[in-house]
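In what follows, a structure is listed as structure tokens, so that the remarks can point back to it.
The values are calculated or read from the model by the stated rules, or taken from the named source; none is laboratory data. This is a predicted model, so every value here is computed, not measured. Cβ atoms come from the backbone with ideal geometry, glycine included; neighbour counts cover every protein chain shown. We work out accessible area using only protein heavy atoms, side chains counted, and drop any ligands, DNA or RNA first. Shrake-Rupley method; radii C 1.70, N 1.55, O 1.52, S 1.80 Å.
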Amino acid sequence: MMNLMDGNKLSKKILNEIKEEYDKLKLKYNKVASLAVIVYSDNFASKIYVKNKTKICEELGFNSITIEINDKTEEKEIIEEIEKLNNDDKIHGILVQLPLPKHLNEKEILSHISPNKDVDGFHPLNLGKMLIGEKDGFPACTPYGIMELFKEYNIELEGKFVTVVGRSNIVGKPMALMLIEKRATVLVCNSKTYDLDDKLRKSDIIISATGVVNLINRSNIKEGAIVVDVGISRVNNKLCGDVNFEEVAPICKYITPVPGGVGPMTVASLMKNTFKSYKKYVREDENKI
Ligand code: NAP
């Protein structure tokens, strides 16, 4: 029964489409798209994520700037750096790779990124635009990538009962909003949810974003369900998600693998958002002439 929702394949398709359009615009406007990334360089996972994003920028022909911070970097310095990037016409996207070192206030720092360059889609203005279904903001990358997977695999959302496990600001909550917009019936669960198994067994679609290994197994999904695994955990040096793939895949209609499912789609969404910002900037510049 199982069909794979292949994030590697779809992200490549999306990146190719971006590149094709970007190559033409770059020639027309003679301007390069640029993404600035602020990263806590002592966090190993963050460094790998950023390296991957930088590599994809290179493949697209985007410029990328990486600003490394450490345990001694002060909040003031980062905010000043962000303000500089906000005012730099050559920068189209700014992202702060989380987590930051403990002494820094993430919320405060993120709030300084201009909503016009917030390509991660974490700024309250962009989250608010998504809430009211306005299309001119930047949607949060991970749920946006998941919506692209649903579109690619012709997965109908209207009238479906969808359970989102996890209520984070970057995945669970924006995911629920996007699904509501499509008229799905959405339940958002957390670690205190009473009888999660019962809810999961009734769900047509499950999106799990907890980081709890093997939270979703054969006994708590119904046959023919669609399962999206957002979780990323490292067990014995191997990446795995929230879903026991071996057990669950045979009875699903569709499932995303880890790795190769949601991860690459998140990066593709980031590039889509950066390109959207670039297009807005170059076109506004053209209108000024
Ligand atoms: P998070 O801030 O780490 O929060 C985890 C959420 O899971 C919380 O809402 C928590 O409930 C819930 N939870 C924990 N244990 C649970 C349980 N036993 N049953 C039900 N709910 C439970 O969330 P996040 O930042 O969204 O990250 C979640 C996972 O996704 C992590 O593994 C992360 O690495 C991964 N991730 C992957 C991508 C990607 O591109 N693939 C992107 C982002 C995140 P409470 O609210 O009650 O604490």
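Exposure check, 1.4 Å probe, all protein chains in place: residue 122 carries approximately 50 Å² of accessible surface. Our helix-only sum for the chain, with -39,500 (n - 2.57) per DSSP H run of n ≥ 4 divided by its residues, gives a mean residue ellipticity at 222 nm of -13500 deg cm²/dmol.
Working out 0.36 nm times the residue gap between residue 23 and residue 135, then minus their Cα-Cα distance, what length gain in nm do you get to one decimal? If you can, show how the numbers build up before the last one.
On the way: separation 112, 0.36 × 112 = 40.32 nm, distance 2.44 nm.
Stretched fully, the residue 23-residue 135 segment lengthens by 37.9 nm.
Of all aspartates and glutamates in the structure, those lying under 16 Å Cα to Cα from residue 173, and not within fewer than 8 positions of it along the same chain, are 120, 181, 229. Which residues make up the longest stretch of the chain clear of GluC sites (Glu not before Pro) that lie in a DSSP loop with no more than 16 other Cβ atoms within 10 Å, not counting the sites? After excluding every exposed loop site, the longest remaining stretch is 1-73. When the trypsin sites (Lys or Arg not before Pro) in region 85-115 are filtered for DSSP coil states and for at most 14 other beta-carbon atoms within 10 Å of their beta-carbon, the remaining sites are 90, 102.
From the protein chains alone at 1.4 Å, what is the descending order of accessible area for 210, 185, largest first? Kindly include the intermediate steps, with their values, before the conclusion.
On the way: 210 55, 185 80 Å².
The residues order as 185, 210, largest area first.
From the Kirkwood radius over Cα pairs of region 49-178, Stokes-Einstein at 37 °C and 0.692 mPa s returns a whole-number translational diffusion coefficient of 199 µm²/s.
Using the Cβ-Cβ distance between residue 223 and residue 12 with R0 set to 30 Å, the FRET efficiency from 1/(1 + (r/R0)^6) comes to roughly 0.45.
Within region 114-165, the trypsin sites (Lys or Arg not before Pro) that combine a DSSP coil assignment with at most 12 other C-beta atoms in a 10 angstrom radius are 135.
List, in the order given, every pair from 55/192; 12/192; 84/276; 13/135; 13/182 whose Cα-Cα distance in the structure shown is over 30 Å. Walk me through the intermediate numbers first.
Numbers: 55/192 39 Å; 12/192 38 Å; 84/276 21 Å; 13/135 22 Å; 13/182 24 Å.
The answer is 55/192; 12/192.
Remark: spin-label model distance residue 3-residue 198 equals 3.3 nm, labels positioned 7 Å along the Cα→Cβ axis. With a simple spin-label model that places each label point 7 Å from the Cα along the Cα-to-Cβ direction, the separation between residue 103 and residue 288 comes to 3.8 nm.
Please report the relative contact order for region 98-227, taking Cα pairs under 8 Å with a sequence separation of at least 6, and give it as a percent rounded to a whole number. The value is 19 percent.
Take the alpha-carbon positions of the chain, form their convex hull, and give its projected area averaged over all directions (one quarter of the hull surface) in nm². Write down the numbers at each step before the final one.
Working: hull surface 62.2 nm².
Mean shadow area of the hull around the Cα atoms is 15.5 nm².
Taking label positions 7 Å along the Cα-Cβ direction at both residue 84 and residue 236, the computed distance is 4.7 nm, reported to one decimal.
A P(r) calculated from all alpha carbon pairs of region 162-289, with 5 Å bins opening at zero, reads 2, 10, 18, 21, 18, 11, 6, 5, 4, 3, 2, 1, 0 percent. Of interest is the spacing of the C-alpha centroids, which for region 38-101 and region 158-222 amounts to 31 Å. Give the angle, between 0 and 90 degrees and rounded to the nearest 10, that separates the Cα long axis of helix 172-181 from the longest principal axis of the Cα atoms of the chain. Here the helix axis deviates by roughly 80 degrees. Annotation: amide H of residue 33 within the under-5 Å range of 63, sequence separation 5 or more or interchain, hydrogens built in the peptide plane.
Can you tell me the FRET efficiency between residue 190 and residue 32 if r is taken as the Cβ-Cβ distance and R0 is 41 Å, rounded to the nearest 0.05?
On the way: r = 43 Å, r/R0 = 1.04.
Computed FRET efficiency for residue 190 and residue 32 comes out at 0.45.
Which of 137, 211, 159 moves most in a GNM of the chain, Cα contacts under 10 Å? Maximum fluctuation in the GNM of the chain, among the listed residues, is at 159.
Efficiency by 1/(1 + (r/R0)^6): what FRET value for residue 44 and residue 111, r their Cβ-Cβ distance, R0 = 25 Å, to the nearest 0.05?
Working: r = 27 Å, r/R0 = 1.07.
Computed FRET efficiency for residue 44 and residue 111 comes out at 0.40.
About its Cα centre, how strong a charge dipole does region 87-180 have in debye, to the nearest 20, once Lys and Arg get +1 and Asp and Glu get -1 at the Cβ? Before the final figure, lay out the partial values.
Working: 10 positive and 12 negative charges, 58 e Å.
It comes to approximately 280 debye.
A Gaussian network model of the chain, with springs between Cα atoms under 10 Å, assigns the largest mean-square fluctuation among 11, 168, 203 to 168. Build a GNM of the chain with springs between Cα atoms under 10 Å apart, and of 93, 172, 133 the one that fluctuates most is 133.
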